[in-house]
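Here is the structure we will look at.
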Amino acid sequence: MTNKHSQDNDDSTAVIPPYVGRFAPSPTGPLHMGSLISALASFLDARAHQGEWLIRVEDIDPPREIAGASENIIASLSAHGLHSDRPILFQHSRLDAYQAALQTLQRQQLCFRCQCSRTQLKGSDIYPGHCRYRTIDDSIATATRLLVDQQPVSYCDRIQGPRQQNLAAQLGDFVIARKDGLISYQLAVVVDDAFQGVTHIVRGADLLESTERQIYLGKMLDYPSIDYAHLPVLTNEAGQKLSKQTFAPSLDSGQIINNLLFALSFLNQTLPERPPKTVEQLLEFAIQHWDIDAIAKHCSHYQPLPSLA
């Protein structure tokens with residue numbers, strides 16, 4: 001059952017079931033169809049495995065957040081029958097946990113301070129290591145980067161198949177705390193997945209490039225491994241991912257069942273022969289017929305949105 005209260009930060013937890021999934025939106029705008037597809041897929045995969053499904057609001061980047069977006073997203077998920085099995089976790093309540101993880105990495109000398117500006121790094125996709133061995137005065141504002149090694153990070157995605165990345169050769173040491181004092185998405189998500197006992201992540205393929213970084217960070221913090229599945233991303237006609245930046249329309253609350261049927265169709269799932277009378281009936285049917293192997297392997301896909309008429 002959902003509520004607006006953040007989860008207690010006490011790291012002592014009850015017995016965790018064998019499957020824990022989650023949906024973790026950022027409050028940068030209302031829920032749109034692309035987000036609903038990810039939420040629904042992660043929900044159905046959890047339910048099909050008799051597991052828990054959690055909602056986490058990733059609200060640690062105030063400059064990007066929209067007032068009221070968290071409440072709007074939660075209400076929209078609830079209207080579509082998607083309810084968290086635990087109190088919703090708000091990342092703004094977890095800042096101490098992120099700092100503790102950062103300090104752990106610092107004590108183990110697994111990260112370093114970096115004063116490089118975006119201008120200095122412009123044109124370079126791979127961090128060149130400028131600040132790796134520099135001593136920087138404490139009065140200077142710096143980011144913090146995680147040291148990476150030459151060992152490739154490998155995993156098998158349940159949808160996209162085998163994946164591998166050599167972080168040192170293809171990315172370089174990456175930021176885990178920003179120069180403005182904010183914790184990076186990469187560190188926060190890894191710390192919270194471990195805290196909540198997440199075992200399976202089903203999300204959009206737009207986050208594929210983050211996965212190896214998160215796996216590597218988890219290993220550095222001695223966290224349990226996680227099973228990943230990356231869905232094709234819904235795009236507009238121009239091939240752009242639906243988002244606030246591409247003016248994705250918010251979900252129509254008067255078209256709940258149609259929204260869910262569209263999402264199931266995009267995911268290439270079996271649809272009921274007759275239109276269901278309730279959201280609950282449709283979700284129960286979808287759970288019983290869930291087949292993650294039926295989902296297309298491509299990383300993006302255009303499908304005209306249903307008419308709002």
Per residue, how many Å² of accessible area does the chain show with a 1.4 Å probe?
50
What fraction, in whole percent, of alpha-carbon pairs in the chain exceed 35 Å separation?
21
Portion, in percent, of the accessible area of segment 81-164 that falls on carbon or sulfur, probe 1.4 Å:
47
Collect residues whose amide H, placed 1.01 Å from N in the peptide plane, falls under 5 Å from the amide H of Asp59; neighbours closer than 5 in sequence don't count.
Gln91, His92
Could you name the aspartates and glutamates in cross-link range of Lys241, using Cα to Cα under 17 Å and dropping any fewer than eight places away on the same chain?
Asp206, Glu209
Of all the Cα-Cα pairs you can form in segment 143-217, what percent are over 21 Å apart?
30
Provide the percentage of antiparallel DSSP beta bridges, counting only those with both residues in the chain; round to the nearest 5.
50
Distance (nanometres) between label positions extended 7 Å along Cα→Cβ at Ala67 and Ala79:
2.2
FRET E, pair Ala141, Glu280, Förster distance 41 Å, beta-carbon r, rounded to 0.05
0.20
Could you calculate the contour length gain from Gln164 to Leu110, that is, 0.36 nm times the residue separation minus the distance between their Cα atoms, to one decimal place in nm?
17.3 nm
222 nm mean residue ellipticity, helices alone, for the chain (DSSP H n ≥ 4; -39,500 (n - 2.57); rounded to 500):
-9000 deg cm²/dmol
Protection proxy (average C-beta count within 10 Å per residue), highest first, orders 193-199, 251-257 as 193-199, 251-257
Given charges of +1 on the Cβ of Lys and Arg and -1 on the Cβ of Asp and Glu, with all other atoms neutral, how large is the dipole of the chain about its Cα centre, in debye to the nearest 20?
660
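The values are calculated or read from the model by the stated rules, or taken from the named source; none is laboratory data. These numbers were taken from a predicted model, which means no experiment stands behind them. As a convention, Cβ positions derive from the backbone with ideal geometry for all residues, glycine included, and neighbour counts pool all protein chains shown. SASA here: full protein model, heavy atoms, side chains in, ligands and nucleic acids out. Shrake-Rupley method; radii C 1.70, N 1.55, O 1.52, S 1.80 Å.
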